[in-house]
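What follows is a single structure, written as structure tokens, with notes after it.
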There are 2 protein chains.
Amino acid sequence: MLKGHLDAIVLAALEGGPAHGYAIIETIRRGSTDTFDLPEGTVYPALHRLEEAGLLSSAWMVPPGGRRRRMYSLTKAGSAALADRRKAWGRFSHAVDALLGGGRAWPA
Amino acid sequence: MLKGHLDAIVLAALEGGPAHGYAIIETIRRGSTDTFDLPEGTVYPALHRLEEAGLLSSAWMVPPGGRRRRMYSLTKAGSAALADRRKAWGRFSHAVDALLGGGRAWPA
DNA sequence: TTCCATACCTAGTGATACTAGGTATGGAAG
DNA sequence: CTTCCATACCTAGTATCACTAGGTATGGAA
């Protein structure tokens with residue numbers, strides 16, 4: 001389970017430039033050292049949701065003698081949303097760290 | 001949204017000793033500097049779920065001239081589960097940090 | 001020509017956290 | 001004494017989410 005942070009992760013994967021679904025999955029897998037090996041059924045609906053929300057835009061690419069691909073790019077709203085998500089992640093992970101003993105929590 | 005880490009947080013809140021629902025909510029709120037101000041409708045069902053799973057045990061306390069309280073304690077399985085959840089959180093947050101640029105991700 | 005990797009898609013499922021209610025009691029305020 | 005608030009518990013229903021389990025199609029390798 002990606003626990004609500006999938007959107008941030010997908011947006012971040014597109015920060016380096018446009019990419020298509022399959023490549024995004026690879027980027028996330030390698031970027032997380034195989035921790036997140038996301039099934040397509042997770043990523044494609046997320047991409048559609050993010051596009052619907054105006055955070056991504058897409059266009060079909062059909063390279064001559066190649067498979068069709070839907071290329072996704074961050075919109076301006078998408079970049080802004082990513083910045084927000086990053087801040088939210090910072091707050092969230094900081095709070096969980098505090099509660100789980102990232103700072104210190106267990107009695108000596 | 002607590003994004004799947006609620007169980008770990010609740011278990012951790014009980015690591016210091018038995019407590020009742022209301023107190024657990026307070027512990028989490030203060031321990032997270034108000035980041036997690038959980039509604040009762042989130043915490044009580046979670047406590048029931050964790051007890052059902054054998055990770056917590058509970059007993060009614062009726063102090064003379066006081067309100068009844070259901071006190072929860074970590075079971076042995078609960079302590080073990082907490083250790084697992086902590087490890088899982090470490091892996092998870094490390095991977096998200098890597099993807100979001102905790103290490104470095106944005107182009108210069 | 002057969003098969004695998006690529007590349008896309010969606011309907012349905014299970015879990016989760018939350019909303020929005022409800023009950024009851026002890027103590028303080030009036 | 002009664003009214004109100006904080007404490008303390010509870011649950012049914014809901015929205016969302018990530019995932020399972022399918023399906024389609026094509027290019028290149030065997």
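Values quoted throughout were computed directly from the atomic coordinates according to the rules given, and no laboratory measurement underlies them. Predicted model, so just to flag it, every value in this text is computed and none were measured. Cβ: placed from backbone, ideal geometry, glycine included. Neighbour counts: every protein chain shown.
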Legend entry - Enumeration of residues in segment B:1-25 that are of a type outside the set (Val, Ile, Thr), within 10 Å of DNA strand C (Cβ to nearest atom), in a helix (DSSP H, G or I) and more than 7 Å from chain A (Cβ to nearest Cβ): B:Leu6, B:Asp7
Legend entry - Condition check for A:Met71: within 14 Å of DNA strand D (Cβ to nearest atom) and more than 14 Å from chain B (Cβ to nearest Cβ): no
Legend entry - Residues located in segment A:31-42, provided they are within 9 Å of DNA strand D (Cβ to nearest atom), among the acidic types (Asp, Glu) and within 14 Å of chain B (Cβ to nearest Cβ): A:Asp37
Inset, instruction - Determine whether segment A:61-77 contains at least one residue that is among the hydroxyl-bearing types (Ser, Thr, Tyr) and buried (at least 19 other Cβ atoms within 10 Å of the Cβ). - result: yes
Inset, instruction - Give the number of residues within segment A:43-68 that are touching a helix residue (DSSP H, G or I) at 6+ places or on another chain (Cβ under 7 Å) and within 9 Å of DNA strand D (Cβ to nearest atom). - result: 3
Inset, instruction - Give just the number: which of (1) at the interface with another protein chain (Cβ under 9 Å from one of its Cβ atoms); (2) within 12 Å of DNA strand C (Cβ to nearest atom); (3) under 13 Å from the mean Cα position of the chain (by Cα); (4) in a loop (DSSP other than H, G, I, E, B) does B:Ile28 not satisfy? - result: (4)
